[in-house]
Amino acid sequence: MRGFSDEQKRTIKKRDNDCCQLCSSSKRQRQIHHLFSQSSYPLLANVLLNGLTLCEICHAKFHDFCPNGTNSGDDFLIFLDDQFNSHRFTNARRLKKRIAPIVRELRFLLLI
Ligand SMILES: [Zn+2]
Ligand SMILES: [Zn+2]
């Protein structure tokens, strides 16, 4: 199982304006998060929609929140709710609106 190629990572970062999609940082190191983890959902490991640009801090925050490495896109939505509820982080709500339909679409891909 392979993750995103360097070219795919560049494509995802460009799509995401090369900034963290949660906190908007364009200074901290940006990483590509798999909404559906590579290890549990290998079919989605190279699907561009399954990748999301996060800074290293927000990325680590999610994986601390959901540390088992088997995370799904639904776990990410729960994390965004938590970010909004505990910090009134309005970006989290905005990101959830964007990501929720993508999670549904990826779930659909897993069924076919
Ligand atoms: Zn961030
Ligand atoms: Zn990740």
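The values are calculated or read from the model by the stated rules, or taken from the named source; none is laboratory data. Since the model is a prediction, treat every value here as computed from it, not as a measurement. Glycine also receives a Cβ, built like all others from the backbone with ideal geometry; neighbour counts cover every protein chain displayed.
Of everything in the range 45-68 that is farther than 17 Å from Phe4 by Cβ and in a loop (DSSP other than H, G, I, E, B), the residue that is nearest to ligand 2 (Cβ to nearest atom) is Cys66.
Criterion first (modelled with pLDDT of 95 or more, outside any loop (DSSP other than H, G, I, E, B), touching a Ser or Thr at 6+ places or on another chain (Cβ under 9 Å) and more than 14 Å from His33 (Cβ to Cβ)) does Arg107 satisfy it? Answer is yes for this residue.
If you go through the range 13-30 and keep only what is more than 13 Å from the chain's Cα centre (by Cα), within 9 Å of ligand 1 (Cβ to nearest atom) and within 20 Å of Lys97 (Cα to Cα), you end up with Ser24, Ser25. Residue count for the range 3-23, restricted to those that are loosely packed, with under 12 Cβ neighbours inside 10 Å and closer than 20 Å to His63 by Cβ: 0.
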